[in-house]
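The values are calculated or read from the model by the stated rules, or taken from the named source; none is laboratory data. Keep in mind the model is a prediction, meaning the values are calculated, not measured. Every residue, glycine as well, gets a Cβ built from its backbone with ideal geometry; the counts of neighbours run over all protein chains shown. Just so you know, the surface numbers come from the protein's heavy atoms only, side chains and all, with ligands and any DNA or RNA stripped out. Shrake-Rupley method; radii C 1.70, N 1.55, O 1.52, S 1.80 Å.
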Amino acid sequence: VAIKDSFGIPFALNDLSELAMRDGKVETAKSYLVQSADIRKAIGDSSGLAITLNNIGEIYLMSQQPAKAVPFFEKSIKLSAPLKFVDLQRHSLDQICIAYQQIGDYESAYQKLIVSQQLNDSLYSESKAKAISELQIKYETEKKAQLIKNQETALQLQRLVGLSVLSILLLFGSF
């Protein structure tokens, strides 16, 4: 199979890696993920590569090898940022904080925690701004709908008054 036709293979390798981890076969799991990363890199699947690199880091972290995990989390963070893959970026930041804590590098853990918190705050602000915008649009829409309804009611009232006046004139005009 040509590399360009290999989009599904990394997914299968990730699944095989997960099964290997469940069976306690850490090296096999890592091997599958490395193969997946190589293919994702070759086909230009940056978001998939970022996920796979994070997963490799997590295997090192679960294997009590936090120093080996750090570079994979760093690469995942670096790849996910320009893709605006914020959930993965935050997850990798959280994982790297754990790795730095296990290493005893509390300063680096703290710095990554700050970045994670800033990212979380900006997402919160962004979601709040979006919610406010949606409410404002809903309010304006309802306001316009009410205005149209009021105008229709006023028009019907004018027609009724006009018909009433015409009826009275016709009634008095016939005497």
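Quick notes on this structure:
- Cross-link partners for Lys144 among the lysines, with Cα-Cα distance under 30 Å and sequence neighbours closer than 8 places in the same chain left out: Lys128, Lys130.
- Modelled FRET efficiency - R0 45 Å, Leu169 with Ile137, Cβ distances, 0.05 increments: 0.40
- Among Ile103, Ile148, Ile77, the largest mean-square fluctuation in a Gaussian network model of the chain (Cα springs under 10 Å) belongs to Ile148.
- Carbon and sulfur %, accessible surface of region 91-159 computed with the full protein complex present, 1.4 Å: 56 percent
- Peptides 140-146, 30-36 ranked from most to least packed give 30-36, 140-146, packing being the mean of other C-beta atoms within 10 angstrom over each peptide's residues.
- Residues Leu163, Leu123, sorted by accessible area with the largest first, give Leu163, Leu123 [1.4 Å probe; ligands and nucleic acids excluded].
- Relative contact order for the chain, counting Cα pairs under 8 Å that sit 6 or more residues apart, in percent: 12 percent
- Accessible area per residue for region 85-147 is 72 Å², calculated with a 1.4 Å probe on protein heavy atoms, without ligands, DNA or RNA.
- For Phe7, the solvent-accessible surface with a 1.4 Å probe is about 120 Å², rounded to the nearest 10.
- Computed accessible area, Val115, all protein chains, 1.4 angstrom probe, square angstrom: 60 Å²
- Heavy-atom accessible area order for Thr28, Thr52, largest first, 1.4 Å probe: Thr28, Thr52
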